[in-house]
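Undergrad: Pasting a structure below so you can have a look.
The values are calculated or read from the model by the stated rules, or taken from the named source; none is laboratory data. The model shown is predicted, which means the values in this text are computed figures rather than measured ones. For neighbour counting, all protein chains shown are included, and Cβ atoms are generated from backbone atoms with ideal geometry for every residue, glycine included. Protein only, heavy atoms only, side chains kept; ligands, DNA and RNA dropped before computing areas. Shrake-Rupley method; radii C 1.70, N 1.55, O 1.52, S 1.80 Å.
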Amino acid sequence: MTGSNDSIGKAVRDFLAEAEEIIDQLNNDLVSMGDCAETGDCNPDLINAIFRGAHSLKGLAGIFGFSEIGDLAHNMENLLDSLRLGRVEITPVMMSVLFDAMDLLGALVRGAGEGHLDASGIPLMVSRINACASATQKSQEVSPLATLGLTDAVLNALTEYEEHRLLENVKKGRLIYSIIASFSLTTFDQELGELTDLLKQGGEVISTLPTVGSGSEAGIDFEILFGSTKGEDGVSGLAGRPGISVRQLGAQSKPTSPSQPAQALEPLTASSSVSAHDHSEAASPAQPAADAAMTAKSMSRMVRVDIVKLDDLMNIVGELVLSHSTINELVGKVRSSGFSTLAIELGKAAKVLQRKLNELQKGVMEIRMIPVGQLYEKMSRIVRKVSREQGKKVDLRVFGADTELDKLIIEDISDPMMHIIRNSIDHGIETPEERIRLGKEEKGVIRLSSFQKGNHVVIEVEDDGRGIDIARVKKKALEKGLIQENDPLSERDALELIFLPGFSTSDTVTDISGRGVGMDVVRNNIAAVSGMVDIETRPGQGSKVIITLPITLAIIKALIINIVGRTYAMPITSVLETILVERSDIRTIERKEVIQLRDMTLPLVRLGRFFEIEGGDVLPESFYVVVVGVAEKRLGIVVDDLLGQQDIVIKSIGETFKGFKGISGAADLGDQRTILVLDVGGIISEATRGSV
Amino acid sequence: MKKILIVEDSSAMRSLLISTIEALEGFEIVEAANGFEALRLLPRERVDLVITDINMPDINGLELIRYVRNSAIYKSIPLFIISTESSERDLAKGLALGANEYLIKPFDPADLQKLLLKYLG
């Protein structure tokens, strides 16, 4: 390799990003291929796109030194090449091998990105792929293309794939057309794209051959080889534009063209083409120079940015916000020192700064937001794959796909979401036979919906399956010794048991949901992004998992509190109200401290005790209670003092504090102090479990 | 400065080609992510050499090579194919259509540099 280390490092990062994109797209395309495999009518463009994905991945992996990934992609590419060239046929076994191979590719690329690539699964996968390629080998027939009368010049420019598609079209009895269209150089890509889209509605675009425009430097001609069952008039009608010639190739060829009959005879010679000059004038009558300047720009206006850079930017914004607070404090000091005019001027400047900072903060935050729909696409693949494996029929319905969430949150909840959906199919949705017996529709329904609710985004996964059998949950909990025979247990308490580590209601651990990930891990992962998860269920009618998430993790407003001389930040989104409470207001129910708040009994948690701070047990005569709530749960957190609200930037506290209950990160205050940020969801969970 | 047009739909592969070429002095690079962009760039840039992949959507490398070789203006531009060994038959076609050289992915950057110097040095 050449170039500086920096550029190579960047190139490898480019590889990882591109490889992930390719794999995502491949997964989507494979799902579509799985669907059309069932009907036996697959769009060749789709199969070719999948081949090209594997092909690109192989090339990339090879050149960046990830030979294991390249090896797997190479074998997939061979199978897909045989498929697109019609040498093998799609079978259910092949689909399942391809899905598994994609899963493995995804795992390898993720592994490569994290520096620990595990290649142990590749040999088995390669042998499965190769078995697939040889098992379904079709006998190869060679059908002469000579009857079409294509010149060698055209045949030589066709790839092996295009040749195959041409043959397939001929074999299926479709008519092959040569369509010549001329365009102006300034607009050809858009206009050709439009023409191709129109043609695709009535057949297959096999090849697009560019030729230098006849008679004018500003023009370009294209010969499109097109297969269709339509007659010549039908194809001309499809194209729906003047200035193109349509000629049917082959024995029955009748050289006519409704728009340009005289020019449609010899498509490959310059003289036969429609005048590019004439057409370009017609297409762009004015300002060709201005058009040229415009189209010289890139088509896409998107920029791909590493989220780490956005994090850095957000941190800087956060620090600027803190600097602003310091300036505000100085305004106060200047004023009290008697420089009132100066203080007013400084105060005005600080206000302008604040306004601009708010805009900046909002702008950076918006860049991080992506629609939940991107997550839904992944989930739809999981649904199709798992339901196919399980022999179940599932109709996935999505709502609110344009709801936006912080990219990092979406990343972090992908795996928990996947587990919830696997659970729905595995444990919830019944088999088609069972559903019919129960008088339900044969196809189960999973509804995936999201919506914004205040400062939160709520994502719900709802199925119409068999629901959770509460009696069975209690029985399992008894067997595991998690509860006693006579423990009073409400339905909600029983559902909470599902979130305990190692708890499973499944008698037979299946490959689908028995992968060592339980609902406890799901809850922990969601709590790690300050989210909450809840379950509702109705026997025989289905279950609903409700995930409540903050919109962003970046800059948040926090309530700064004090306990036994220590300062903490509490995300304001979790705070419902703060109240002053007398010690005599506290009652004890089942060894737990509660207070009466209007018409509800509010359980209390003493943070001093929770964090086992020395002196944390002492309660003054009157004290503050911060009422917090996430989803439907409420809790009163006992604190010594409320110090006010402030914008904070939550920073990770790293591996050392990982798993430390009740803390989600750290934040810098304006006065150079660093304080811990409370994980309210985590504290509520701990309190609900009764461990505090 | 000699200008090289890279036609390749993989941005990572383009990055690598660029870092390989930039290690040499005296070359300027124009990038095209597909055949369309290449066709649009050719008349706007005075290109001295084209490096193209074969497998690309819509307009593939072979079609691009045929276009360049049939054009009175560009027909003498040196043209390299960069492709994987799986498309052997397409590669042979590319050479038959008039490509000057080919490189198999994964290519050795030193080979590409040598070829560039041979044609443009």
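Undergrad: Residues A:I22, A:I63: which one is at negative phi and modelled with pLDDT of 85 or more?
TA: A:I22
Undergrad: Let me ask you something else. Failed condition for A:A631, given (1) modelled with pLDDT under 85; (2) touching a Ser or Thr at 6+ places or on another chain (Cβ under 7 Å); (3) over 27 Å from A:D534 (Cα atoms), with all others met?
TA: Unmet condition: (3).
Undergrad: Are any residues in region A:538-574 open to solvent by less than 20 Å² (accessible area, probe 1.4 Å) and at pLDDT 90 or above, and if so, which ones?
TA: Of everything in region A:538-574, those that are open to solvent by less than 20 Å² (accessible area, probe 1.4 Å) and at pLDDT 90 or above turn out to be A:G542, A:S543, A:V545, A:I547, A:L559, A:I560, A:I561, A:Y568, A:A569, A:M570.
Undergrad: Another question, then. Quickly run through region A:33-53 and pick out the residues that are within 10 Å of chain B (Cβ to nearest Cβ) and surrounded by 17 or more Cβ atoms within 10 Å (Cβ to Cβ).
TA: A:N48, A:A49, A:F51, A:R52, listed by residue number.
Undergrad: Tell me the strands (runs of 3 or more DSSP E) entirely within region A:575-624 that contain at least 1 residues that are open to solvent by less than 50 Å² (accessible area, probe 1.4 Å).
TA: Output list reads A:575-582, A:592-597, A:600-606.
Undergrad: Condition first: open to solvent by 50 Å² or more (accessible area, probe 1.4 Å), aromatic (F, W, Y) and either over 22 Å from A:G531 (Cβ atoms) or touching a strand residue (DSSP E or B) at 6+ places or on another chain (Cβ under 6 Å) (or both). Can you find one or more residues in region A:366-377 that meet it?
TA: No, there is no match, as no residue in region A:366-377 is open to solvent by 50 Å² or more (accessible area, probe 1.4 Å), aromatic (F, W, Y) and either over 22 Å from A:G531 (Cβ atoms) or touching a strand residue (DSSP E or B) at 6+ places or on another chain (Cβ under 6 Å) (or both).
Undergrad: Determine which single condition B:A110 fails, assuming it passes every other condition in (1) facing another protein chain (nearest Cβ under 9 Å); (2) open to solvent by 40 Å² or more (accessible area, probe 1.4 Å); (3) over 19 Å from A:I63 (Cα atoms); (4) small (G, A, S).
TA: All conditions are met except number (3).
Undergrad: Taking the condition of being over 16 Å from the mean Cα position of the chain (by Cα) and closer than 21 Å to A:M519 by Cα, how many residues in region A:386-419 meet it?
TA: Going through region A:386-419 one residue at a time, the tally reaches 3.
Undergrad: Could you check region A:52-82 and list, in sequence order, the residues that are touching a residue at least 40 places away in the same chain (Cβ under 8 Å) and either among the small types (G, A, S) or not in a helix (DSSP H, G or I) (or both)?
TA: Residues satisfying the conditions are A:A61, A:F64, A:F66, A:S82.
Undergrad: Next question, about the same structure. Please enumerate the residues belonging to region B:38-81 that are farther than 12 Å from A:P210 by Cβ, polar (S, T, N, Q) and open to solvent by 10 Å² or more (accessible area, probe 1.4 Å).
TA: Those that are farther than 12 Å from A:P210 by Cβ, polar (S, T, N, Q) and open to solvent by 10 Å² or more (accessible area, probe 1.4 Å): B:N55, B:S76.
Undergrad: Related question: Filter region A:122-158 down to the residues that are part of a loop (DSSP other than H, G, I, E, B) and at pLDDT below 85 and list them by number.
TA: If the condition is that a residue be part of a loop (DSSP other than H, G, I, E, B) and at pLDDT below 85, then A:T136, A:K138, A:S139, A:Q140, A:E141, A:V142, A:S143, A:P144, A:L145, A:G149, A:L150, A:T151 are the ones that fit.
Undergrad: Could you tell me which numbered condition A:A54 fails, if it satisfies all but one of (1) at pLDDT below 85; (2) under 18 Å from A:N130 (Cβ atoms)?
TA: Of (1) at pLDDT below 85; (2) under 18 Å from A:N130 (Cβ atoms), only one is false for A:A54: (1).
Undergrad: Okay, next question. Scan A:G338, A:G347, A:G332 and give me the residue that is out of contact with any Phe, Trp or Tyr (no Cβ under 9 Å at 6 or more places or on another chain), part of a loop (DSSP other than H, G, I, E, B) and at pLDDT 80 or above.
TA: Of the residues listed, the single one that is out of contact with any Phe, Trp or Tyr (no Cβ under 9 Å at 6 or more places or on another chain), part of a loop (DSSP other than H, G, I, E, B) and at pLDDT 80 or above is A:G338.
Undergrad: Which residues, counting only those in region B:93-106, are open to solvent by 30 Å² or more (accessible area, probe 1.4 Å), more than 10 Å from chain A (Cβ to nearest Cβ) and not in a strand (DSSP E or B)?
TA: B:L95, B:N100 - these are the residues of region B:93-106 that are open to solvent by 30 Å² or more (accessible area, probe 1.4 Å), more than 10 Å from chain A (Cβ to nearest Cβ) and not in a strand (DSSP E or B).
Undergrad: Would you tally the residues in region A:169-213 being open to solvent by less than 40 Å² (accessible area, probe 1.4 Å), at pLDDT below 85 and within 11 Å of A:G227 (Cβ to Cβ)?
TA: Qualifying residue count for the region: 0.
Undergrad: Please work out which residue is farthest from the other protein chains (Cβ to nearest Cβ), limiting yourself to region B:42-72 and to residues that are out of contact with any strand residue (DSSP E or B) (no Cβ under 7 Å at 6 or more places or on another chain) and assigned to a helix (DSSP H, G or I).
TA: Applying the filter and picking the extreme gives B:R69.
Undergrad: I would also like to ask the following. Could you say whether any residue in region A:364-376 is without any contact (Cβ under 8 Å) to a residue 12 or more places away in the chain and on the phi < 0 side of the Ramachandran plot?
TA: Yes, some residue in region A:364-376 is without any contact (Cβ under 8 Å) to a residue 12 or more places away in the chain and on the phi < 0 side of the Ramachandran plot.
Undergrad: Let me ask another. Determine which single condition A:V93 fails, assuming it passes every other condition in (1) under 28 Å from B:N34 (Cβ atoms); (2) in a helix (DSSP H, G or I).
TA: (1)
Undergrad: Another one. Name every residue in region A:670-692 that is of a type in the set (A, V, I, L, M, F, W, C), outside any helix (DSSP H, G or I) and at pLDDT 80 or above, in order of residue number.
TA: A:I675, A:L676, A:V677, A:L678
Undergrad: Sticking with this one: Quick one: would you say A:K407 is in contact (Cβ under 8 Å) with a residue 40 or more places away in the chain, open to solvent by 50 Å² or more (accessible area, probe 1.4 Å) and not polar (S, T, N, Q)?
TA: Taking the combined requirement at face value, the residue satisfies it.
Undergrad: Just the residues that are at the interface with chain A (Cβ under 9 Å from one of its Cβ atoms) and either part of a helix (DSSP H, G or I) or within 17 Å of B:Y74 (Cα to Cα) (or both), please, taken from region B:22-41.
TA: Of everything in region B:22-41, those that are at the interface with chain A (Cβ under 9 Å from one of its Cβ atoms) and either part of a helix (DSSP H, G or I) or within 17 Å of B:Y74 (Cα to Cα) (or both) turn out to be B:E22, B:G35, B:F36, B:E37, B:L39, B:R40, B:L41.
Undergrad: Sticking with this structure for a sec: Looking at region A:445-483, which of its residues are β-branched (V, I, T), open to solvent by 10 Å² or more (accessible area, probe 1.4 Å) and either within 24 Å of A:I409 (Cα to Cα) or more than 35 Å from the chain's Cα centre (by Cα) (or both)?
TA: A:I483
Undergrad: So which residues in region A:378-399 are out of contact with any strand residue (DSSP E or B) (no Cβ under 9 Å at 6 or more places or on another chain) and part of a loop (DSSP other than H, G, I, E, B)?
TA: Once the filter is applied, which keeps residues that are out of contact with any strand residue (DSSP E or B) (no Cβ under 9 Å at 6 or more places or on another chain) and part of a loop (DSSP other than H, G, I, E, B), region A:378-399 yields only A:G391.
Undergrad: Considering only residues that are modelled with pLDDT of 90 or more and open to solvent by less than 10 Å² (accessible area, probe 1.4 Å), which ones fall in region B:21-37?
TA: B:I21, B:A32
Undergrad: Something else about it: Under 9 Å by Cβ, and 6 or more places apart or on different chains, what pairs join a residue from region A:1-28 that is more than 17 Å from A:G111 (Cβ to Cβ) and at the interface with chain B (Cβ under 9 Å from one of its Cβ atoms) with one that is modelled with pLDDT under 75 and assigned to a helix (DSSP H, G or I)?
TA: Final answer for the pair search is A:M1/A:I8; A:M1/A:A11; A:T2/A:I8; A:G3/A:A11.
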